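Down below is the structure, laid out as structure tokens.
The values are calculated or read from the model by the stated rules, or taken from the named source; none is laboratory data. Nothing here was measured: the structure is a model prediction, and the numbers come from that model. Neighbour counts are summed over all protein chains in view; Cβ atoms, including those assigned to glycine, are modelled from backbone coordinates with ideal geometry. Surface accessibility is based on the protein's heavy atoms, side chains included, excluding ligands, DNA and RNA. Shrake-Rupley method; radii C 1.70, N 1.55, O 1.52, S 1.80 Å.
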Amino acid sequence: MFSDIGALELVTLVVLAVLVFGPDKLPKVIQDVSRFIRKIREFSDSAKEDIRSELGPDFKDFEFEDLNPKTFLRKQMEQNEDLRELKELRGSFDLKKEMNEVADAVHSREPQTSAVNGSPVNGSSGAVTSANGTPDLLKKQDKPDNGERPPYDSDAT
């Protein structure tokens, strides 16, 4: 319930409670609040049990957390075998490789395949390359030499 409250926030709440209610009334207020929370939990549990009993024996394993759309979809996807194949396909997709191929196609460069790992490597295109030899699309390219024209950028024109 209070998993996202830090120590400093908790100390602040305690000091604030002492200042607002005073040290003599604070134990009574804490008892009243805890009693109120306990009654709300009991009411919620009895309402859940009433709903389960009204639904009948077919729904005895029914969980109210399943009414959350994310939880419901996650359970359905785990049970479906066709979706397991989709997960495997999604896991085999290499976004970095695909982005590099698109960048090569946009810049009209022919990707060369490396003998080491089969990934495209740009030769003398002036592109910034990462440690594995593939172009790093997040880093800026070096400025071309004086006689060399920069690559055509269709987004800039």
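Over region 66-107, what lengths in whole Å, largest first, do the semi-axes of the equivalent ellipsoid take, defined as the square roots of 5 times the eigenvalues of the alpha-carbon gyration tensor?
In descending order, the three semi-axes are 34, 12, 6 Å.
Report, please, the projected area of region 1-109 averaged over directions, based on the convex hull of its C-alpha atoms, in nm².
14.8
Nearest 20 debye, what's the magnitude of the dipole of region 1-77 about its Cα centre given +1 on Lys and Arg Cβ and -1 on Asp and Glu Cβ?
220
Quick one: accessible area per residue over region 1-110, 1.4 Å probe, rounded to a whole number of Å²?
For region 1-110, the solvent-accessible area averages 90 Å² per residue.
Would you mind estimating how fast region 10-53 diffuses translationally, via Stokes-Einstein at 4 °C and 1.567 mPa s with the Kirkwood radius over Cα pairs, in µm²/s?
Estimated via Stokes-Einstein, D reaches 105 µm²/s.
Any idea which of LEU16, PHE62, SER34 is furthest toward the positive side of the dipole for region 1-71, if Lys and Arg beta-carbons carry +1 and Asp and Glu beta-carbons -1?
Going by the charge dipole, the pick is LEU16.
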